[in-house]
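Step one of this worksheet: look at the structure below.
Every number in this text was worked out from the coordinates using simple rules, so none of it is lab data. Bear in mind that the values here come from a model prediction, so they are computed numbers and not experimental data. When we count neighbours, we look across all protein chains shown, and the Cβ atoms used for this are built from the backbone with ideal geometry, even at glycine.
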Amino acid sequence: MESISIPFNRPMCFGKEREYAEAVLASGHYAGDGPFTKRCHSWLEQLLGSHRVLLTTSCTHALEMSAMLLNVAPGDEVILPSFTFVSTANAFVLRGAKPVFVDIRPDTLNMDERGLERSITNRTKAIVPVHYGGVGCEMDAIAACARAHGLPIVEDNAHGLFGTYKGRPLGSLGAMATLSFHESKNIVCGEGGALAINDPALAERAEVLREKGTNRSRFFRGQVDKYSWIDIGSSFLPSDILAAILLAQLENAEFVQERRKRVWKTYFAGLADWSASHGVRLPCVPEDREPAWHLFYLLMPSLEARQAFLAHLRAAGILATFHYLPLHLSDMGRTFGGQPGDCPITEDICDRLARLPLFPGLQDAEVERVLERVLSFQP
């Protein structure tokens with residue numbers, strides 16, 4: 001087997017990451033909520049139009065904050081897709097809630113809004129759509145259902161920064177949204193995330209929860225003469241060193257997005273005829289949505305074809321991979337009642353999905369090598 005010459009992902013520096021990180025080291029303020037953190041907050045607030053954005057140490061922690069802000073408690077239920085990363089469920093399970101898994105649409109692979117109504121009970125606390133691959137969910141229908149039942153929406157927007165739904169930014173469509181800056185995402189700082197707060201009523205308490213349950217932020221703004229423990233909370237603040245790296249990435253977001261878009265579209269155009277003649281499906285992006293160009297997947301005809309396809313690429317030194325396994329069929333998911341057949345689209349898709357390398361440093365010659373190898377595969 002050849003060594004990997006084209007990785008699935010390669011995090012990159014594009015601008016002033018090192019310069020900004022060194023500025024933090026020279027300043028002596030390494031902890032959270034320093035000057036670079038505040039600049040990231042402003043940048044993201046302007047992009048999303050959110051009332052407040054707060055950096056966190058991960059998207060997982062942003063999700064946990066959202067559960068705390070909604071006072072999720074034992075006996076509550078939270079509706080989310082089975083086709084997602086485990087953090088989407090864990091954040092609410094940690095507060096004692098039961099995850100209620102719904103299936104996905106066969107086209108966009110997003111939460112199937114048609115299954116929401118029958119999943120809502122008098123114990124439902126929130127709806128958590130996931131914008132898979134950075135393609136927006138059917139948010140009008142999801143929002144209408146949520147309003148009808150008085151339920152908040154928490155967007156898991158780990159994939160969706162810079163994507164839009166009917167002209168509105170993904171991450172601006174729920175009461176809250178969570179973002180990821182993990183090294184596998186479009187904009188990275190190694191490990192990091194953010195909570196976008198679109199409901200102003202949640203903003204002040206979010207600061208408290210993020211500051212270990214204290215009103216320390218109000219103290220530093222001179223709004224109180226001392227700070228103390230006033231609520232539950234934890235340490236969700238990332239170091240200003242991470243924020244410095246993140247700001248440098250955000251400042252180069254246009255380049256990153258244009259490059260990712262170019263690779264995505266090259267794959268799509270180059271594989272259109274091959275996929276149609278071999279029973280392979282390419283990503284679906286509805287006309288009223290602009291994707292975040294986060295990932296490019298193929299839906300192979302079968303699990304056997306998917307496994308053979310991944311091996312075919314790996315033999316040429318190209319690392320492609322599968323994605324989520326159904327949460328409702330995991331060991332933990334079964335403890336909440338998950339059974340085979342509960343989410344048939346999810347169960348089918350998870351066996352057949354393969355993701356191609358996609359990152360801004362992927363060179364044109366490497367994209368062509370990936371295409372040549374894919375086109376030589378016979379499912």
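If a/c stays under 1.5 just call it rounded; otherwise compare a/b with b/c (prolate if a/b is bigger, oblate if not). Do that for the range 106-239, with a ≥ b ≥ c from the square roots of the Cα gyration tensor eigenvalues. Display every interim value, and only then the final one.
Numbers: a/c = 2.51, a/b = 1.52, b/c = 1.65.
Oblate, because a/c is 1.5 or more while a/b does not exceed b/c.
Checking a compactness column here: for the range 17-250, what do you get for Rg(Cα) / (2.2 N^0.38 Å), N being the number of residues?
1.00
Would you look at the GNM of the chain, springs on alpha carbons closer than 10 Å, and say which of E211, E366, E138 moves the most?
E366
Specify whether the C-alpha gyration tensor of the range 235-379 places it in the rounded, prolate or oblate class, a ≥ b ≥ c being the square roots of the eigenvalues: rounded for a/c under 1.5, otherwise prolate if a/b is larger than b/c and oblate if not.
On the way: a/c = 1.87, a/b = 1.08, b/c = 1.73.
Here the range 235-379 falls in the oblate category.
Tell me which trypsin sites (Lys or Arg not before Pro) from the range 119-193 have a DSSP coil assignment and no more than 16 other beta carbons within 10 Å of their own. Could you put the intermediate results ahead of the total?
On the way: sites: R123, K125, R147, K166, K185; in loops: R123, K166, K185.
Within the range 119-193, the qualifying trypsin sites (Lys or Arg not before Pro) (loop, at most 16 other Cβ atoms within 10 Å) are R123, K166.
If you average 1/r across every pair of different Cα atoms in the range 282-350 and take the reciprocal, what Kirkwood value do you get, in Å? Can you show the working numbers first?
Working: mean 1/r = 0.0693 Å⁻¹.
Averaging 1/r across every pair of different Cα atoms and inverting gives 14.4 Å.
For the range 41-128, compute Rg over Rh where Rg is the Cα radius of gyration and Rh is the Kirkwood radius from the inverse mean 1/r over Cα pairs.
Taking Rg over the Kirkwood Rh, I get 1.01.
Between K265 and R168, how many nm apart are label points set 7 Å from Cα along the C-beta direction?
For K265 paired with R168, the spin-label model returns 2.7 nm.
When the chain is modelled as a GNM with alpha-carbon springs shorter than 10 Å, which of S277, S66, S58 fluctuates the most?
S277
With both partners inside the chain, how many of the DSSP beta bridges are antiparallel, as a percent to the nearest 5?
60
Using θ = phi - 60° and the Karplus curve 6.51 cos²θ - 1.76 cosθ + 1.60, what whole-Hz ³J(HN,Hα) does each residue of the range 89-100 get, with Gly and Pro shown as x?
7, 4, 4, 8, 4, 4, 8, x, 7, 9, x, 9
Among the lysines, select those whose C-alpha is under 21 Å from the C-alpha of K98, and discard any that sit fewer than 8 residues away in the same chain.
Filter leaves K125.
Under a point-charge model restricted to the Cβ atoms of Lys and Arg (+1) and Asp and Glu (-1), what is the dipole moment magnitude of the chain relative to its Cα centre, in debye to the nearest 20? Could you put the intermediate results ahead of the total?
Working: 38 positive and 44 negative charges, 88 e Å.
With only Lys, Arg, Asp and Glu charged at Cβ, the dipole is about 420 debye.
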